[in-house]
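What follows is a set of notes on a single structure, which appears directly below.
Nothing in this text is a laboratory measurement; each read-out follows from the coordinates by a stated rule. Worth saying up front: this structure is predicted, and the values here are computed from it rather than measured. Cβ atoms come from the backbone with ideal geometry, glycine included; neighbour counts cover every protein chain shown.
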């Protein structure tokens with residue numbers, strides 16, 4: 001009888017122990033399959049500086065970067081988004097861009113920015129879209145998605161967008177909406 005009580009007590013203790021240890025894992029402790037891969041290197045508090053002849057042209061910052069070098073793909077994933085400052089030759093910020101996630105394809109020299117992409121010019125213009133591609137080599141930014149540009153006078157929207165990385169010259173390929181017209185004279 002004493003053996004049965006001891007056995008029951010041990011079984012009850014083990015069940016209680018299992019119940020307490022099988023709780024949910026906090027979200028910040030769960031690593032993605034990409035982060036667990038041996039082909040992926042994780043870097044925190046990233047700052048990438050692009051320069052030409054020792055003059056800074058672009059600074060990219062991000063809280064986390066995953067570098068994937070398997071099969072010669074060489075891409076960097078920014079799962080927590082990026083912030084990009086584009087500089088004029090004078091050294092002042094010409095435009096700024098933010099997004100919630102991005103992927104840089106090293107071989108193609110392109111960064112695909114997604115999820116709540118916002119680009120602001122030094123002139124106060126703002127572009128909103130869900131995807132924007134920065135071609136580092138050509139120093140162009142473009143999208144085939146829906147875009148909305150807000151200026152001091154107008155809100156212009158449409159599909160497709162092209163601009164220089166300084167956001168000084170831009171165009172919407174298929175514009176829609178109402179726009180104010182300045183005096184033609």
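Neighbour counts of C-beta atoms inside 10 Å place 172, 149 in the sequence 172, 149, starting with the fewest.
Going from the residue with the fewest nearby Cβ atoms within 10 Å to the one with the most, 48, 66 rank 48, 66. Given their separation in residues at 0.36 nm each and the Cα-Cα distance between them, residue 164 and residue 116 gain 15.3 nm when the chain is fully extended. Annotation: the residues 42, 67, sorted from fewest to most other C-beta atoms within 10 Å of their own C-beta, follow the order 42, 67.
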